[in-house]
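Visitor: Please read through the structure below; I'll follow up with questions.
The values are calculated or read from the model by the stated rules, or taken from the named source; none is laboratory data. Here the structure is a predicted model, which is why all the values come from computation and not from measurement. Because the Cβ atoms are built from the backbone with ideal geometry, glycine has one as well, and the counts that use them run over all protein chains shown. Side chains are part of the model used for accessible areas, which takes the heavy atoms of the whole protein and leaves out ligands, DNA and RNA. Shrake-Rupley method; radii C 1.70, N 1.55, O 1.52, S 1.80 Å.
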Amino acid sequence: PWAKLYTYVITGKTVCLGGEKMLKINEAAKMLHVNPNALRFYEKKGALAPHRDENGYRLYTMDDVARIQIILLYRRMGFSIEMILKLLGQEESPVDLFFQQYDILNRHVHSMSLIRDSLAGCIDGMLG
């Protein structure tokens, strides 16, 4: 649904596609609390395909905003952009990808625990 084609209708500062409010990149970025470069990055990687107006400006629908929110959630969960693209394309079961990410996070937590324990031993040795 996020890749539908619409007829552009421009009314003042509000750009609409088929009656739907469209956001320019700065507006979408502000709404999502991200840098506009993040949206450009996701577009470059193929995760987003914003509409363009006659001047080439990116225009985001509410479907695009929802998709970006999903991407941002997956990024906060530690997913790589490649894994996010798989999730969005549903090439693999989301459950399988979640288990893969869970395993990666567990290994990372274990590694950080070993480093913490090593540092604690060094501090005890220096103080003790």
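Visitor: Hey, if we sort K21, K30 by accessible area with the 1.4 Å probe, largest down, what's the order?
Guide: The residues order as K30, K21, largest area first.
Visitor: Once the whole set of protein chains is in place, how much accessible area is left on R75, using a 1.4 Å probe, in Å² to the nearest 10?
Guide: 100 Å²
Visitor: Also, I was wondering about something else. With every protein chain in place, what's the accessible area of Y102 (1.4 Å probe, Å², nearest 10)?
Guide: Approximately 140 Å² for this residue.
Visitor: Ordering H33, H108, H51 by how much accessible area each has at a 1.4 Å probe, largest first, what is the list?
Guide: Output order, biggest surface exposure first: H33, H108, H51.
Visitor: Ok, one more. Round to the nearest 10 and report in Å² the accessible area of M31, as given by a 1.4 Å probe over the protein chains' heavy atoms.
Guide: Only protein atoms counted, so the area is about 100 Å².
Visitor: With charges set only on the Cβ (+1 for Lys and Arg, -1 for Asp and Glu), what does the dipole of the stretch 41-83 come to about its Cα centre, in debye to the nearest 20?
Guide: So the dipole magnitude of the stretch 41-83 works out to roughly 220 debye.
Visitor: Another question, if that's okay. Taking amide H positions as placed 1.01 Å from N in the peptide plane, with prolines and chain starts having none, which residues 5 or more places from K21, or on another chain, fall under 5 Å of its amide H?
Guide: Result for K21 returns nothing.
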